[in-house]
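The values are calculated or read from the model by the stated rules, or taken from the named source; none is laboratory data. Note that the coordinates shown come from a computational prediction; the quantities given were computed from them, not determined experimentally. As a convention, Cβ positions derive from the backbone with ideal geometry for all residues, glycine included, and neighbour counts pool all protein chains shown.
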Amino acid sequence: MEEASRLAKDLRVLWKNYVLQSLLATISIFIVLLFLSLQHAVVIASIGATTFIIFTMPNSIAAKPKNVIGGHLIGFVCGAISTLMPHSSFLITITIYSLAVGLSILIMVIMDLIHPPASGTALGTAITGFTYEALIAIIISTILLSAIKHVLKPYLKDLIR
């Protein structure tokens with residue numbers, strides 16, 4: 001009951017931020033998608049999750065540009081490495097995909113570049129394979145989202161507690 005009351009109060013007080021930040025997220029992902037090929041939709045899906053974090057939790061550790069960019073690069077590399085392993089059966093294939101995700105988590109934590117959606121990049125890259133186009137898409141989208149966040153930071157509030 002107390003949680004519902006707090007949520008209702010937050011919504012009354014911050015409703016403009018909820019609407020504005022959702023609209024800004026929509027515009028930002030639209031801009032990012034203008035530069036990307038939808039051929040890599042599995043990898044791009046994790047960028048949608050990044051957009052959520054940036055626009056709903058802009059002050060979180062996961063929304064820091066170094067974590068956004070670094071995390072996705074780690075995820076991409078882990079996924080790309082997994083494509084080098086032989087996929088001789090379904091069980092081995094899903095084991096390799098799982099290892100790409102686990103390895104990305106391990107490296108992000110060790111390097112203090114924590115960005116949860118980047119594990120989706122690892123999985124997406126493991127599934128779709130390495131391409132320079134996908135790498136460029138990850139680099140462009142993460143830099144673009146980080147730059148947009150930097151410009152809009154004075155207007156963004158944490159919407160999730």
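Here's a check for you: in segment 24-62, which residue that is among the polar types (S, T, N, Q) and more than 17 Å from ILE139 (Cβ to Cβ) is surrounded by the fewest Cβ atoms within 10 Å (Cβ to Cβ)?
Looking at the filtered set, the residue picked out is ASN59.
Report, ordered by the first and then the second residue, all pairs with beta carbons closer than 6 Å, sequence separation of six or more or different chains, a first member in segment 62-79 that is touching a residue at least 12 places away in the same chain (Cβ under 8 Å), and a second member that is buried (at least 24 other Cβ atoms within 10 Å of the Cβ) and not in a helix (DSSP H, G or I).
Between residues of segment 62-79 that are touching a residue at least 12 places away in the same chain (Cβ under 8 Å) and residues that are buried (at least 24 other Cβ atoms within 10 Å of the Cβ) and not in a helix (DSSP H, G or I), the close pairs are ALA62/HIS115; ASN67/HIS115; VAL68/HIS115; GLY71/HIS115.
Which residues, taken from segment 69-94, are in contact with a Phe, Trp or Tyr (Cβ under 6 Å, 6 or more places away or on another chain) and among the aliphatic types (A, V, I, L, M)?
Once the filter is applied, which keeps residues that are in contact with a Phe, Trp or Tyr (Cβ under 6 Å, 6 or more places away or on another chain) and among the aliphatic types (A, V, I, L, M), segment 69-94 yields only ALA80.
Give just the number: which of (1) of a type in the set (Ser, Thr, Tyr); (2) part of a helix (DSSP H, G or I); (3) more than 16 Å from the chain's Cα centre (by Cα) does THR125 not satisfy?
(3)
Looking for whichever is farther than 18 Å from ILE81 by Cα, among the aliphatic types (A, V, I, L, M) and at pLDDT below 95 here; the options are LEU135, LEU144, LEU113. Which one fits?
Going through LEU135, LEU144, LEU113 in turn, the sole match is LEU144.
Residue under question is ILE110, and the condition is that it be in a helix (DSSP H, G or I), more than 18 Å from the chain's Cα centre (by Cα) and either β-branched (Val, Ile, Thr) or at positive phi (or both); does it hold?
So ILE110 fits the description; yes.
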